[in-house]
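Reviewing the structure listed below.
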Amino acid sequence: MANCRRNQNFEFVQRLSHSKFVGSSDGHDFTALDGGKMSPDVSWIEKSRLEGIEIVRFIPIVPDFLIELRSATDSLPTLQKKMQEYQRLGVKLGLLVNPKNKQVEIYRSGQAVEILEAPTEVDCNEVMPGFMLSMNRIW
């Protein structure tokens, strides 16, 4: 079983070479979509969508996937509003991770928010095939 999991992880890492992760020190420029400049904690864009795009501090592309991690000082309603804005802009999959309540709010384009209570992992397969986000270090 462990060898199978390692092979799945290896295949997943190989697929990541066809993508771009963006950290919170960078961000996305949504001004062309009637939005602002926003910086999620982590975002991911499939690499083919970046062809011809200059990678600068704020990328003018809506990410495919993003994560916001609520800190002790973050207001939950403020983060939820931010996630709704990402959803409106077309992010395919967004996760709002709330360690304080041990919840993950899942935002999918065109769908109602789904709330998971203390999950051990979150399936992100619909946007990042093979990726399961482990929550072990967060809880």
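Tabulated values for the structure
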item	result
Selection from 75, 125, 139 lying farthest towards where the dipole of the stretch 35-139 points positive, charges on Cβ	75
Per-residue Cβ neighbour rank within 10 angstrom, fewest leading, 68, 114, 54, 105	54, 114, 105, 68
Packing-based exposure ordering (other Cβ within 10 Å, fewest first) of 62, 104, 42	42, 62, 104
Of 47/102; 37/81; 81/102; 47/81; 37/102, pairs whose Cα-Cα distance is over 24 Å	47/102; 47/81; 37/102
Under-5 Å amide H pairs with residue 61, H placed in peptide plane, nonlocal only	29
Residue order, fewest to most surrounding Cβ atoms within 10 angstrom, among 47, 82	47, 82
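Read the figures in this text as sums done on the coordinates, not as results from a lab. Computed from a prediction, not measured in an experiment: that's the story for all the values here. Here Cβ is always computed from backbone atoms with ideal geometry, including for glycine, and neighbour counts include all displayed protein chains.
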